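Enquirer: Can you read through this structure? Questions will come right after.
The values are calculated or read from the model by the stated rules, or taken from the named source; none is laboratory data. Values in this document were obtained by computation on a predicted structure and should not be read as measured data. Cβ atoms come from the backbone with ideal geometry, glycine included; neighbour counts cover every protein chain shown. When the accessible area is computed, the model is the full protein with side chains, heavy atoms only, and any ligands, DNA or RNA have been set aside. Shrake-Rupley method; radii C 1.70, N 1.55, O 1.52, S 1.80 Å.
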Amino acid sequence: PNSMFDFDGKTGSGGSRVNLAGRGRNRTRGGEESRSDFVKRQHKEREAREKRRIQEHAATKIQAVYRSYRCLTHAREEQRKVFDKRSADIAKVGALLPDDKKAKFVHLALPPMLRLFAFFFTARLDGQRLAALQKLLVFSAGQPLSSNVFQAAISEDDAQRISFFVLFEKVIAACLRLDRALDTLGLLLALQAALFPPPSWKPVHETRAGAAAAHVLRRTEAIGRLSSDMLPTASSGDDAVAASQTINFVQFCCAGLESCSWADRQRPLVLLLGTPRLCDLLCKSPSPQAKECLRRLVCALPGVPAANEFPPAFFAEQVEGAPRGAWLLAGLSDVLERHLMASGERGKALSSWIGWTSWAKEHLPGGIKSDSTAAVAPLQKLHSPGFVRSLILACDKEDMEGLLAICRLYFSADSAGDYDPPTEVLQTLAFATPLAERLFPTLCDLMSGSPLHAGVLA
């Protein structure tokens with residue numbers, strides 16, 4: 001029925017009555033009410049009408065929401081039946097077709113199924129349908145581009161490209177909603193295999209492939225949510241496979257970062273470098289892909305974020321038993337020590353990375369010393385005299401920017417008092433390295449008694 005019910009279960013406005021008789025001359029005056037009683041009665045009637053109006057308005061809203069929910073639920077159930085029928089048809093026909101024809105059949109069937117899934121997905125009901133859809137997407141990603149649903153990501157038609165991204169974002173969001181991190185990783189690697197096919201990993205389109213990766217990094221929470229499940233663990237029997245997948249994923253992220261603007265790179269890069277043990281895996285891996293990932297990460301590093309770019313809660317968020325800020329500092333210090341310093345990197349790349357490490361150290365949440373070993377380890381590394389000595393020696397004598405970045409790392413006014421360097425580090429900075437000579441060559445001339453340059457005196 002189209003009529004609305006009030007709070008008494010009645011329809012329409014039958015409860016409100018208007019007396020049109022008036023007072024008239026011929027009405028009896030024996031029971032005539034006084035003026036004050038008349039005013040009180042009118043006031044009560046106005047209050048009753050206002051209350052009824054509010055109730056009817058609320059009833060209309062409540063029933064409209066319920067009816068829209070009921071209609072939407074019914075429509076979703078109908079679309080689920082269509083989705084299930086098409087899934088069954090693909091399974092039945094696909095078993096009879098050769099691979100090339102099956103690829104074309106799946107390629108044509110997937111876009112309508114993606115639209116259906118984006119419409120009806122509910123976490124409580126559609127877990128198996130998501131698994132079936134993910135399996136089809138991964139299958140299609142391994143086919144030639146002409147029979148590959150991911151070719152829409154580099155289409156010349158803007159509408160087709162945007163439509164694909166919207167639907168793909170819905171599938172990624174559904175995987176994350178159900179805490180299926182590995183399925184999310186599988187979808188991202190499928191997209192990578194379609195746009196950057198192995199073993200060359202060269203983009204199928206010079207600009208649109210990287211733009212597609214950048215779009216996924218900006219519009220999804222994939223990097224932040226994959227941090228605890230994407231890396232190999234000691235209990236896993238497939239460490240080599242998991243490590244290879246992780247490195248491939250980092251390659252995909254690097255392609256996206258390189259296509260982002262400098263401002264858009266900051267958040268994805270912070271999330272990536274703050275992934276637990278990711279930089280450790282890249283640094284210790286002997287594969288050329290891992291070394292290439294490190295090189296691209298260093299080249300993609302934007303300027304140091306502003307002080308208030310990330311809220312304190314971001315760095316304090318617990319990830320695998322330690323604050324995210326501690327994992328970020330660990331990743332930055334790993335790359336600094338085991339890649340940049342070990343490879344003899346000089347100049348702006350080294351000073352920029354030291355600047356980022358200083359920024360991460362300044363944003364460590366308070367009380368980190370009482371946390372787990374994973375939280376304390378990066379501070380212990382930075383505050384070891386051997387690390388300080390190697391860091392200063394890694395800087396060029398003329399690289400004032402790098403030397404000032406080192407000073408900020410250990411003497412920043414923004415860092416908390418809990419993280420001040422120990423006395424051994426201060427002694428190393430003062431005596432064990434030529435830091436003073438590099439920073440203040442004029443003072444060295446004074447201390448040695450040699451004549452100053454005329455320009456200095458001026």
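Enquirer: Nothing charged except the Cβ atoms of Lys and Arg (+1) and of Asp and Glu (-1): what's the magnitude of the dipole of segment 241-393 about its Cα centre? Round to the nearest 20 debye.
Expert: Dipole size: approximately 360 debye.
Enquirer: Ser155 to Glu424: FRET efficiency via 1/(1 + (r/R0)^6), r the Cβ-Cβ distance, R0 51 Å, to the nearest 0.05?
Expert: Values: r = 60 Å, r/R0 = 1.17.
So the FRET efficiency works out to roughly 0.30.
Enquirer: What do you reckon, how do Phe38, Phe165 stack up by accessible area (1.4 Å probe), largest on top?
Expert: The most accessible residue leads, giving Phe38, Phe165.
Enquirer: How would Trp356, Trp201 rank on accessible area, largest to smallest, probe 1.4 Å?
Expert: Trp201, Trp356
Enquirer: Can you give the accessible area of His205, probe radius 1.4 Å, in Å² rounded to 10?
Expert: 60
Enquirer: Roughly how many nanometres apart are two label points built 7 Å out from the Cα toward the Cβ at Glu320 and Asp84?
Expert: With each label placed 7 Å out from Cα toward Cβ, I get 4.0 nm.
Enquirer: Here's a follow-up. Would you calculate the separation in nanometres between label points at Asp239 and Phe119, each defined as 7 Å from the Cα along the Cα-to-beta-carbon direction?
Expert: Here the answer is 4.9 nm between the modelled labels.
Enquirer: Also, quick follow-up: Could you report the accessible area of Phe168 in Å², rounded to 10, computed with a 1.4 Å probe on the protein chains as they sit in the structure?
Expert: Rounded to the nearest 10, that gives 10 Å².
Enquirer: Given the options Val304, Phe314, Leu281, identify the residue whose Cα lies farthest towards the positive end of the charge dipole of segment 264-315 (+1 on Cβ of Lys, Arg; -1 on Cβ of Asp, Glu).
Expert: Projecting each Cα onto the dipole axis, the largest value belongs to Leu281.
Enquirer: What size of dipole, in debye to the nearest 20, comes out for segment 248-315 about its Cα centre when the only charges are +1 on Lys and Arg C-beta atoms and -1 on Asp and Glu C-beta atoms?
Expert: 200
Enquirer: Okay, moving on. Which of the lysines could a cross-linker span from Lys81 if the Cα-Cα distance has to be under 17 Å and same-chain partners fewer than 8 positions apart are dropped?
Expert: Lys92
Enquirer: I would also like to ask the following. Ranked by accessible surface with a 1.4 Å probe, highest first, in what order do Met113, Met400 come?
Expert: Result, largest first: Met400, Met113.
Enquirer: Just to confirm a number: summing +1 for Lys and Arg and -1 for Asp and Glu over residues other than Lys291 whose beta-carbon lies under 12 angstrom from that of Lys291, what do you get?
Expert: So the surrounding residues net to +3.
Enquirer: What does the accessible area of Arg346 come to, in Å² to the nearest 10, when a probe of 1.4 Å is used?
Expert: 100
Enquirer: Still on this structure, I have one more. Put +1 on the Cβ of every Lys and Arg and -1 on every Asp and Glu Cβ in segment 176-225; which of Thr184, Ala211, Ala222 then has its Cα farthest towards the positive end of the dipole?
Expert: Farthest towards the positive end: Ala211.
Enquirer: Now, a different point. At 7 Å along the Cα-to-beta-carbon direction for both Arg52 and Leu393, put a label point, then send me their distance in nm to one decimal.
Expert: Result: 9.3 nm between the two label points.
Enquirer: Too long at a 20 Å Cα-Cα cut-off: which of Lys102/Lys170; Lys85/Lys135; Lys348/Lys381?
Expert: Exceeds cut-off: Lys102/Lys170; Lys348/Lys381.
Enquirer: Please give the FRET efficiency for Trp262 paired with Ser384, using the beta carbon to beta carbon distance and R0 = 41 Å, rounded to the nearest 0.05.
Expert: 0.80
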